[in-house]
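The values are calculated or read from the model by the stated rules, or taken from the named source; none is laboratory data. All figures in this text were calculated on a predicted structure; none of them were measured in a lab. Glycine gets a Cβ as well: all are built from the backbone with ideal geometry, and neighbour counts include every protein chain shown.
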Amino acid sequence: MGLTKDFFIALSKNQVLNSGAKKWGLKLGASKVVAGTDIDSMLKSVKELNADGISATIDNLGEFVYSREEALEAKKNILATLEAIQQHGVSAHMSVKLTQIGLDVDPGFCLENMREIAEAAARYAIFINIDMEDYSHLQPTLDILHTLVKEFDNVGTVIQAYLYRSEKDLELLKTVRLRLVKGAYKEISEVSYQSAQDIDSNYLKLIKIRLQQPGFTSIATHDHVIIDEVKRFVKEHNIPLDRFEFQMLYGFRTELQKQLAQEGYTFTVYVPFGEDWYGYYMRRLAERPQNINLALKSFVSK
Ligand code: FDA
């Protein structure tokens, strides 16, 4: 299991495969979890979700950006996606990774790009979530976020329960809209819990602290044990349903997604789209090796 996870995390970081995959179109079963490579197919998926009472957070996929040109191109695509959300009146916000818009090129340049995105989104009253990447990007991401929240109220980020420091970060972000997740990257034991049990118990601890803070909370998990405990906790503490939402990834546990929305919980699905699908897909395979069946089936049916 550990080996499989390491294997797919390593594949997700392979830049030759990452750039090769852009030319392939969606392959290896990725179309089950990626909503197409262009804005039109993404919008079609979002409209279907909206029809079921589910909102979307849209990720215009992109990683391994090491030049200004690529970062500016990514920013242009994100701005075009914001326009499309506005024009089509769909219920959706956006998720952005800072490495996509130049964090590895120059943090100051990245901040400027993010400001432009936040400004455009604010004009349309659209929220922007800054996704959290691996540990080496955590502090630079939080530095940019802390600057942005002084200027905008439509920007938030993600807290990863596998990190020891997350409880302290939560305290510094009480009023900011946050998504809470277990954490998707492979981190060392000096900074992060390693066992599923420790991660789950820290996750529940952080969720319970957070649900009593003023900021809006997105609980992003496919784990029904966690979801059931959250439902029990909010009932017990009379936490209003408009203080939080559940989130899952596109294509995962779709029946449970609909069921939770029907039960009256606010529900948002993370909808990734674009040509740069490979790294995202490999991380999903690393998390849930059962998904390899998707990849294998699509090979066999070719
Ligand atoms: P986990 O994978 O631990 O599964 C727990 C249990 O849930 C399983 O044992 C099984 O019983 C059940 N289960 C899980 N998936 C199932 C399925 N497909 N079908 C049936 N049962 C299933 N990470 C990060 O580092 N930065 C980020 O910005 C984000 N953003 C983000 C947004 C959204 C909307 C989601 C849902 C997730 C993220 N993540 C993330 C990823 C997150 O950190 C984590 O890696 C994955 O969600 C996997 O952990 P889970 O909590 O879903 O359960």
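Computed values, structure above
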{"item": "Qualifying positions in region 67-97 - farther than 27 Å from Asn50 by Cα and in contact (Cβ under 8 Å) with a residue 24 or more places away in the chain", "result": "Ser67, Arg68, Ala71, Leu72"}
{"item": "Which numbered condition Ile101 fails, given (1) surrounded by 15 or more Cβ atoms within 10 Å (Cβ to Cβ); (2) without any contact (Cβ under 8 Å) to a residue 40 or more places away in the chain; (3) out of contact with any Lys or Arg (no Cβ under 7 Å at 6 or more places or on another chain)", "result": "(3)"}
{"item": "Close pairs (9 angstrom Cβ cut-off, 6 or more residues apart or separate chains): over 17 Å from Arg283 (Cα atoms) and of a type in the set (Asp, Glu) in region 183-203, within 8 Å of the ligand (Cβ to nearest atom) and assigned to a helix (DSSP H, G or I) anywhere", "result": "Asp200/Val225; Asp200/Ile226"}
{"item": "Filtered residues of region 152-200 (kept if surrounded by fewer than 15 Cβ atoms within 10 Å (Cβ to Cβ) and in contact with a Ser or Thr (Cβ under 8 Å, 6 or more places away or on another chain))", "result": "Tyr164"}
{"item": "Single unsatisfied condition, Phe64 versus (1) on the phi > 0 side of the Ramachandran plot; (2) surrounded by 21 or more Cβ atoms within 10 Å (Cβ to Cβ); (3) under 17 Å from the mean Cα position of the chain (by Cα)", "result": "(2)"}
{"item": "Residues within region 101-131 that are under 14 Å from Ile144 (Cα atoms) and part of a helix (DSSP H, G or I), tallied", "result": "13"}
{"item": "Of the criteria (1) at pLDDT below 95; (2) at negative phi; (3) surrounded by fewer than 23 Cβ atoms within 10 Å (Cβ to Cβ), which one Ile226 fails", "result": "(1)"}
{"item": "Where a residue in region 220-246 is within 25 Å of Glu287 (Cβ to Cβ) and its partner, wherever it lies, is within 15 Å of the ligand (Cβ to nearest atom) and aromatic (Phe, Trp, Tyr), with Cβ under 6 Å and at least six apart", "result": "His222/Phe252; Phe246/Tyr265; Phe246/Phe267"}
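Yes or no, residue by residue, for (1) assigned to a loop (DSSP other than H, G, I, E, B); (2) out of contact with any Phe, Trp or Tyr (no Cβ under 7 Å at 6 or more places or on another chain); (3) modelled with pLDDT of 75 or more:
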{"position": "Thr4", "(1), (2), (3)": "no, yes, no"}
{"position": "Phe8", "(1), (2), (3)": "no, yes, no"}
{"position": "Leu11", "(1), (2), (3)": "no, yes, no"}
{"position": "Val34", "(1), (2), (3)": "yes, no, yes"}
{"position": "Met42", "(1), (2), (3)": "no, no, yes"}
{"position": "Ala80", "(1), (2), (3)": "no, yes, yes"}
